[in-house]
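Novice: Pasting a structure here, questions to come.
The values are calculated or read from the model by the stated rules, or taken from the named source; none is laboratory data. Worth saying up front: this structure is predicted, and the values here are computed from it rather than measured. Note that we place each Cβ from the backbone using ideal geometry, even for glycine, and neighbour counts take in every protein chain shown.
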Amino acid sequence: MFYREAGDFKTSYKDDNQTFPIRLDRAGYWVALAVAFLIIPFFVNDYWVNAVFAPFFIYAIAALGLNILTGYAGQVSLGTGGFMAVGAYACYKLMVAFPEVSIVFHVLIAGGITAVVGVAFGLPSLRIKGFYLAVATLASQFFLVWLFNKVPWFYNYSASGQINAPERSVLGVIVTGPNTDAWAKYLICLVFLVGLAWVARNLTRGMMGRKWMGIRDMDIAAEIIGVNPLMAKMTAFAASSFFVGVAGALFFSVYLGAAEAGESFGITKSFLILFMIIIGGLGSIFGSFAGAAFMVLMPVLLKNVLVGMMGWPTDLAAHLEFMIVGGLIVFFLIVEPHGLAQLWRLTKDKLRLWPFPH
Amino acid sequence: MSLDMNADSYVTADGRTIGPVVMDLKNITLRFGGVVAIKDISFDIREGEIRAIIGPNGAGKSSMLNVISGFYKPQEGEVWFRGTKRPPMKPFQVARQGLARTFQNIALFDGMTVLDNIMTGRLNHMTANMFQQAIWKGKAEKEELANREVCEKVIDFLEIQHIRKTPVGRLPYGLKKRVELARALAAEPSLLLLDEPMAGMNVEEKEDMSRFILDMNDEFGTTIALIEHDMGVVMDLSDRVVVMDYGKKIGDGTPEEVRNNQDVIDAYLGVAHD
């Protein structure tokens, strides 16, 4: 009744090609952006940023990256944690070496460095596919974490083996280090997320995305039309690693402030982000957001409900939280194997007719 | 009326102009280990013609097509394309030269919509690099819209407007075949290879497909090489026919010539051994 496309005619291919072809979706998108940028920053406190927004935004960037590689180009990767570590350590080295350069550039260059590393570790994908590629990327995960622990140059010979983000500011506002305001943390993550989500959408809507999806769906047919499989896979690895590297850099510099490779970027990170895109929906930008939101927000929500509202002991709630989240993952995968994005699409299809079935 | 088929170009009975040779295959031999799939075959494909390759099962027809499209590298022989000898190439490089093909068992991208599938056919006509595409505004968008227009023409031509936004995985067999043809046609190939475009179709669908092939050839002047088992279709559609059996060429010429060729009759009907 409210959600419909009747009367919303497209008279040019440009209109037909837009991201949100239905008017209500478009309006919703702009409202969400306006709320995120103009209203929430005035109300966020440290708890909300550190428990909810910052991890959600950063994981969403990483999930977008992995979704480009796994969801769009069909190359399974278990090296996400390792690539996040590359982004984090590159950002750290840059921040220390060039204190006068803006952190924004450091984060972007860290993404670029990760892209190069990602391409190097993606080279085996030309020969191996599926599970075997997953194992090969798993090797990169362990190698990279080992490397950052083993070679003191990466953590500037600090006694603890940790890297600590020095204080840096953007336009006079401190965004890293212990003196950062909640809203500044929130905004810098949001800006990166919105910018990168836009880039991800652009890459996947055009010929680049079609090449990736062609390789994913049927590589022989893609090659016969003129897709260079080497280029398609390497660009997928590069774009994906760039996103993951930026996520790693933000995770370390803005969110954590201090990091240690094995602890912050271990194999569990790789799995966490893989779960995000599987639950959210492979090959979907919205799915990356939904999956990140699910995996970040669900534990927070459960904790608040169990401890805050029902008064359970914290340790009991913590264990139950694992069981419930695990159960929910299984439940969602059975109900909708194509993820939350597909669930959302089906809901929208139903809404188009609701409440009149014809 | 007699046609001088050796001339540089000639006009067929139905008024189409057949030009010079586009693809010239010289003494192609292809072996898989000890098995000889193609034995010393030569034939050519001329501009604007519909060239059929026929033969019993296992004769090496599909292998021949795979040689032309660069999938298989023949051990002996040369492939000449538009007057130059083709060096060993990867299939995607062959595609860039202006070759497109369809497959015997459909090879579409199931997860993408019909429109996206057809747009992939425009691949070699789009040059925006990764960074231009990441920004989208500007070259990438302009290119996308211009090529969309070409694809829409192909969609109109093949009468698949109604399924434009449908994911290919949901389509029935006959439509999938048509979408695959659309994808190949969208590439505006100078040579289009069709591997059994009518396999598994009913009479009506075959008629539709024949009409599309003839119209394609007539309106766009597309040169077509096709493999087909339905003799009625082959004899009606094609200008010249190559007949293969056990990897060897046993006949080559107009449909009438081939029909009266004793070797061809023997291959299809069998021959008494006494």
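Novice: Among the listed residues A:Leu187, A:Leu147, A:Leu126, which satisfies the condition of being within 19 Å of the chain's Cα centre (by Cα) and either exposed (fewer than 15 other Cβ atoms within 10 Å of the Cβ) or hydrophobic (A, V, I, L, M, F, W, C) (or both)?
Specialist: Among A:Leu187, A:Leu147, A:Leu126, only A:Leu187 is within 19 Å of the chain's Cα centre (by Cα) and either exposed (fewer than 15 other Cβ atoms within 10 Å of the Cβ) or hydrophobic (A, V, I, L, M, F, W, C) (or both).
Novice: Continuing with this model, one more query. If a residue must be in contact (Cβ under 8 Å) with a residue 12 or more places away in the chain and more than 7 Å from chain A (Cβ to nearest Cβ), how many such residues does the stretch B:85-99 contain?
Specialist: 8
Novice: Just checking, which of B:Arg31, B:Arg16 is over 28 Å from B:Asn117 (Cα atoms), surrounded by fewer than 20 Cβ atoms within 10 Å (Cβ to Cβ), in contact with a helix residue (DSSP H, G or I) (Cβ under 7 Å, 6 or more places away or on another chain) and among the charged types (D, E, K, R)?
Specialist: Unique residue meeting the criteria: B:Arg16.
Novice: Here's a follow-up. What is the residue count in the stretch B:122-134 for residues that are at the interface with another protein chain (Cβ under 7 Å from one of its Cβ atoms) and surrounded by fewer than 17 Cβ atoms within 10 Å (Cβ to Cβ)?
Specialist: Going through the stretch B:122-134 one residue at a time, the tally reaches 1.
Novice: Given the criterion under 30 Å from A:Leu203 (Cβ atoms), touching a strand residue (DSSP E or B) at 6+ places or on another chain (Cβ under 6 Å) and either outside the structural domain of B:Met235 (by TED's automatic domain parsing) or aliphatic (A, V, I, L, M) (or both), identify the matching residue among B:Ala100, B:Ala37, B:Ala107.
Specialist: B:Ala100
Novice: Looking only at the stretch B:104-121, count every residue that is in a loop (DSSP other than H, G, I, E, B) and either facing chain A (nearest Cβ under 7 Å) or under 23 Å from A:Ser284 (Cα atoms) (or both) and tell me the total.
Specialist: Of the residues in the stretch B:104-121, 7 are in a loop (DSSP other than H, G, I, E, B) and either facing chain A (nearest Cβ under 7 Å) or under 23 Å from A:Ser284 (Cα atoms) (or both).
Novice: Within the stretch B:223-244, track down each residue that is buried (at least 16 other Cβ atoms within 10 Å of the Cβ) and either farther than 12 Å from B:Ile45 by Cα or free of Cβ contacts under 8 Å to residues at least 60 places away in the same chain (or both).
Specialist: Of everything in the stretch B:223-244, those that are buried (at least 16 other Cβ atoms within 10 Å of the Cβ) and either farther than 12 Å from B:Ile45 by Cα or free of Cβ contacts under 8 Å to residues at least 60 places away in the same chain (or both) turn out to be B:Ile227, B:Glu228, B:Asp230, B:Val233, B:Val234, B:Met235, B:Leu237, B:Val243, B:Met244.
Novice: Failed condition for A:Asn164, given (1) touching a Gly at 6+ places or on another chain (Cβ under 8 Å); (2) free of Cβ contacts under 8 Å to residues at least 60 places away in the same chain, with all others met?
Specialist: Among (1) touching a Gly at 6+ places or on another chain (Cβ under 8 Å); (2) free of Cβ contacts under 8 Å to residues at least 60 places away in the same chain, A:Asn164 violates only (2).
Novice: Kindly indicate which of B:Glu204, B:Glu149, B:Glu144 is in a helix (DSSP H, G or I), facing another protein chain (nearest Cβ under 9 Å) and surrounded by fewer than 20 Cβ atoms within 10 Å (Cβ to Cβ).
Specialist: After applying the criteria, what remains is B:Glu149.
Novice: Out of B:Ala140, B:Ala182, which single residue is over 29 Å from B:Leu237 (Cα atoms) and either touching a residue at least 60 places away in the same chain (Cβ under 8 Å) or aliphatic (A, V, I, L, M) (or both)?
Specialist: B:Ala140 is the lone residue from the list that is over 29 Å from B:Leu237 (Cα atoms) and either touching a residue at least 60 places away in the same chain (Cβ under 8 Å) or aliphatic (A, V, I, L, M) (or both).
Novice: For the stretch A:175-289, which helices (runs of 4 or more DSSP H) that fit wholly inside it have 3 or more residues that are out of contact with any His (no Cβ under 7 Å at 6 or more places or on another chain) and either at the interface with another protein chain (Cβ under 10 Å from one of its Cβ atoms) or free of Cβ contacts under 8 Å to residues at least 12 places away in the same chain (or both)?
Specialist: A:182-205, A:207-217, A:219-225, A:229-250
Novice: Would you pick out the residues in the stretch A:75-92 that are in a helix (DSSP H, G or I) and under 26 Å from A:Asp217 (Cα atoms)?
Specialist: A:Thr80, A:Phe83
Matching residues to (1) buried (at least 18 other Cβ atoms within 10 Å of the Cβ); (2) among the acidic types (Asp, Glu):
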residue: A:Asp25; (1), (2): no, yes
residue: A:Gly28; (1), (2): no, no
residue: A:Ile39; (1), (2): no, no
residue: A:Trp48; (1), (2): no, no
residue: A:Ala54; (1), (2): yes, no
residue: A:Ala60; (1), (2): yes, no
residue: A:Leu69; (1), (2): yes, no
residue: A:Gly79; (1), (2): yes, no
residue: A:Gly87; (1), (2): yes, no
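Novice: Please enumerate the residues belonging to the stretch A:12-64 that are within 14 Å of chain B (Cβ to nearest Cβ), in a helix (DSSP H, G or I) and not aliphatic (A, V, I, L, M).
Specialist: A:Tyr13, A:Lys14, A:Asp15, A:Asp16 - these are the residues of the stretch A:12-64 that are within 14 Å of chain B (Cβ to nearest Cβ), in a helix (DSSP H, G or I) and not aliphatic (A, V, I, L, M).
Novice: A follow-up question, please. I need the full set of residues from the stretch A:165-197 which are under 17 Å from A:Val244 (Cβ atoms) and among the hydrophobic types (A, V, I, L, M, F, W, C), in order please.
Specialist: Residues satisfying the conditions are A:Cys189, A:Phe192, A:Leu193, A:Leu196, A:Ala197.
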